[in-house]
Each structure stands twice: as C-alpha cells, then as structure tokens.
Amino acid sequence: MLPIAAGPEDRPSDSSLIIGVAASTAERVQLARLLGEADALLLVSSADQARAFLELTGVTIAPSAAQTVLAGTSRPAVRPTPIKAVPEPVSELHLDLDRRVVRWKDREMPLTRLEHDFLHCLVAEPGRVWTYQRLHHAVWGNEHLGHGSHIHSVVKRLRQKLANLGATVTIHAVRGVGFHLLPTA
C-alpha cells in the first residue's frame, strides 16, 4: 500500500490517499472493507496501475511515504509522511442540486434523478472508491444489488454525458469493488 498525505495547504493534515495493490478481486474487496473509512482509497491490481494513476494526477511520493500494512490488520506499519499533491481535477465539475444539471466550465447537461444522485456521491468525495453496496444504498435507498445492470446503465449514461460536455473527468470502475471519479486518461 502506498499512502499519500497532502500538505496542509491542500487538505487537512490528517487526510491521506491509500493506494491498495491487490491482484485478485477478492483481495480488493477485502481491502475495500478494511479501509473503506479512509479519506481516499484507490484499489488497483498492480503497481503499474498505481504508478499510472500517480503520473496522471501529477502526485509524487516521497520515498519515506511508502508503507506496508501489517498482514491481517488495517493498521499501518509506519506513519505516512506528508507530501504535496496537485489540486483535484474535479474542481471544475459542478452539480446544481436544485435543477439536477451537471456543469463543466460553461456547458450544462440535464441529469435524471438517478444520474444526479449517483454523480453527487462521486463528486462529494473525488477519487474515493464507492463500493457497489454503498452506491446502491445512497442512490436507490436499499441494499438489494441484484445483477447490477442498473448501476452499469447509470454509469454508461453519465460517462456519455460527461464526454458530451468535454469534461476531463470520467467514472472509472474498480473491478469487483465499485466506482470513482478520476481524470480521463
């Protein structure tokens, strides 16, 4: 795991991004459950994916910031070292809560209630992975997941609407875990 704590000028000093690297879906689900209360959590299947994400966002890791989580616990072996992170690229994406529209720079796109509520979750905590269960509860108001096609349908429509706006952010899937809002590749 590679945690990244932003400097005080960007975020509160106790905030951190935890990047969990786990090869299997089952391991990523377990990490999501263990670390779900983290300020920001990114789960990837390889160190290369983690590096690609960091390069894309412009974040650098101080050598002393990398740490390993003790096996079987959610407690880090060492305390993370604060480093400077770039501002969130999501800052130009705005949701109008009253009119149910998404705005990117000077363009707007209307949203359905489900699209609005789904995107509201992701915008509220940019970069944080929202599990399928957590999204389903927040958007649909219950725990039933079914086969999940309704979630993927909303994601597909939102991705298209964000692309039509020319937004440089999109909804990325974390296979077997959930979704988060990140810059487009």
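The values are calculated or read from the model by the stated rules, or taken from the named source; none is laboratory data. This is a predicted model, so every value here is computed, not measured. Don't worry about glycine lacking a Cβ; one is built from the backbone with ideal geometry, like all the others, and counts go over all protein chains shown. Surface areas here come from the heavy atoms of the whole protein model, side chains and all, with no ligands, DNA or RNA. Shrake-Rupley method; radii C 1.70, N 1.55, O 1.52, S 1.80 Å.
Could you tell me whether Ala62 is over 25 Å from Leu158 (Cα atoms), surrounded by fewer than 13 Cβ atoms within 10 Å (Cβ to Cβ) and modelled with pLDDT of 50 or more? Write out each step before concluding.
Working: over 25 Å from Leu158 (Cα atoms): yes; surrounded by fewer than 13 Cβ atoms within 10 Å (Cβ to Cβ): no; modelled with pLDDT of 50 or more: yes.
In short, no.
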Exercise. Being over 25 Å from Ile18 (Cβ atoms) and either open to solvent by 40 Å² or more (accessible area, probe 1.4 Å) or not in a helix (DSSP H, G or I) (or both), is that true of even one residue in the stretch 122-140?
Worked result: yes
Problem set entry | Subset of the stretch 154-177 (residues that are assigned to a helix (DSSP H, G or I) and within 19 Å of the chain's Cα centre (by Cα)) | Val154, Val155, Lys156, Arg157, Leu158, Arg159, Gln160, Lys161, Leu162, Ala163
Exercise. If you go through the stretch 81-99 one residue at a time, do you hit one that is surrounded by 20 or more Cβ atoms within 10 Å (Cβ to Cβ) and at pLDDT 90 or above?
Worked result: no
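Is one or more of the residues making up the stretch 101-114 modelled with pLDDT of 85 or more, assigned to a loop (DSSP other than H, G, I, E, B) and surrounded by 18 or more Cβ atoms within 10 Å (Cβ to Cβ)?
Let us first name the residues in the stretch 101-114 that are modelled with pLDDT of 85 or more, namely 101-114.
Filter once more, so that each one left must be assigned to a loop (DSSP other than H, G, I, E, B): 105-106, 111-112.
Pick out the ones that are also surrounded by 18 or more Cβ atoms within 10 Å (Cβ to Cβ) and you get 111.
Yes, the conditions are met somewhere in the stretch 101-114.
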